[in-house]
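The values are calculated or read from the model by the stated rules, or taken from the named source; none is laboratory data. This one's a predicted model, so the numbers in the text were calculated from it and none came from an experiment. Because the Cβ atoms are built from the backbone with ideal geometry, glycine has one as well, and the counts that use them run over all protein chains shown.
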Amino acid sequence: MIRREGGGGKLRKMKGEISNFVMVWVLVYASLIYCYSIAKILPKGITRFLAIIPIVFVFLILPLNLHTMHLGGTSAFFIAWLANFKLLLFAFGKGPLSADPSISLLRFIAVACLPIKIQQKPSPKTSRKPQKSTLNYAVKALLLALVVRSLDYNKYMHPKVILCVYSLIIYFTLELILAVAGFLPRLLLGVELEAQFDEPYLSTSLQDFWGRRWNIMVSNILRPTVYEPTLWASSRILGRKWAPLPAILGTFVVSALMHELMFYYLARVRPTWEITWFFLLHGLCLAVEVLLKKALPDTCRLPRFISGPLAVVFVMGTGFWLFFPQLLRCKADVRAFDEYAAVGAFFKSVGTAFTSKPYNETVR
């Protein structure tokens, strides 16, 4: 039986977590101010890299101060993954932090620690996908509420159906969280931001899913930090035809290790490596898909209305097998609902404090 805390315990934990959250992000901002400042005096290359490495280790440690699924998990993704990879690129004069030499401090901080990318001025010939509408996100928020509500009847559901529900919750939650994280810098700094997801259920292949539709910001970070250097090195050894194979596998290995780290931040338990096997399997299948596309003529390829559903089913099936059970292992569902209850109790207490009248005003 899972022990649930009373309202007072939840409130104390929530207040402690919020206090730690503020402390963590104050340290993040101070660290990014340091990185911004040293770039003015240290040239790109090894010297700047050595000056930034201590911040990378700090960013790996800071998420250990947070324990909730939402504040802790989101902060770990922003700090330990996105910010660190962007800073490593920045050390060598690459990546989004180096795209504009005259970038302001506020924009530097926003781009460094949030899942956003400032769009460069596109050429008139470049096609750009329209930004998603507010209605799009409103519909997804409504669907998320309905899907979460459906878990009240989980005792009547088949275990595979429950896993489908969790996969939908993960997708809708990530999309909405990243949309909010992108909206605030747009509102405050007036920057153009790209979407983090592009309707992954419409993918036409594994390459389309991982490269252009699912978690686009992570793909854009892994490409210059892992894929391109590995492709360059392997092409000198294996030649251009076979070079994508180790580049793709290397990218998925790094992604696997970072996902294992994210799960450790959430669960604080020793990894069982199913997550790693999930990404290695997808990396191998994606490499084979890319090689087959190069080897086979267009007439021998599956039509999109077949290859698309097959890719989505493969992602879902392997996710049910290797990925989603790890969420249940760390009791992500129970913890998430407890956090929703704690947030509700917190806002209820705040509302009560504002609406209640002093005793001397209520007694005449």
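Things worth noting here:
- Residue in the range 299-310 that is modelled with the lowest pLDDT, counting only those that are not in a loop (DSSP other than H, G, I, E, B) and not hydrophobic (A, V, I, L, M, F, W, C): Thr299
- Of the residues screened, Ile237 is not one that is buried (at least 16 other Cβ atoms within 10 Å of the Cβ) and at pLDDT 85 or above.
- Just one of the numbered conditions (1) within 19 Å of Met262 (Cβ to Cβ); (2) surrounded by fewer than 16 Cβ atoms within 10 Å (Cβ to Cβ) is not true of Asn20: (2).
- Filtered residues of the range 67-98 (kept if closer than 12 Å to Met262 by Cβ and assigned to a helix (DSSP H, G or I)): Gly72, Gly73, Thr74, Ser75, Ala76, Phe77, Phe78, Ile79, Ala80, Trp81, Leu82
- Within the range 151-179, the only residue that satisfies the criterion of being of a type in the set (S, T, N, Q) and under 19 Å from Leu82 (Cβ atoms) is Thr173.
- Residues of the range 291-311 that are over 12 Å from Ser205 (Cα atoms) and not small (Gly, Ala, Ser): Leu291, Leu292, Lys294, Leu296, Pro297, Asp298, Thr299, Cys300.
- Scanning the range 263-284 for residues that are farther than 14 Å from Arg329 by Cα and surrounded by 17 or more Cβ atoms within 10 Å (Cβ to Cβ) turns up Thr276, Phe278, Phe279, Leu280, His282, Gly283.
- Complete set of residues in the range 38-58 that are in a helix (DSSP H, G or I) and among the aliphatic types (A, V, I, L, M): Ile38, Ile46, Leu50, Ala51, Ile52, Ile53, Ile55, Val56, Val58
- Any hit, the range 59-66, residues being farther than 30 Å from Arg329 by Cα, in a helix (DSSP H, G or I), modelled with pLDDT of 80 or more and of a type in the set (Phe, Trp, Tyr): no
- Any hit, the range 75-85, residues being over 24 Å from Ala267 (Cα atoms) and polar (S, T, N, Q): no
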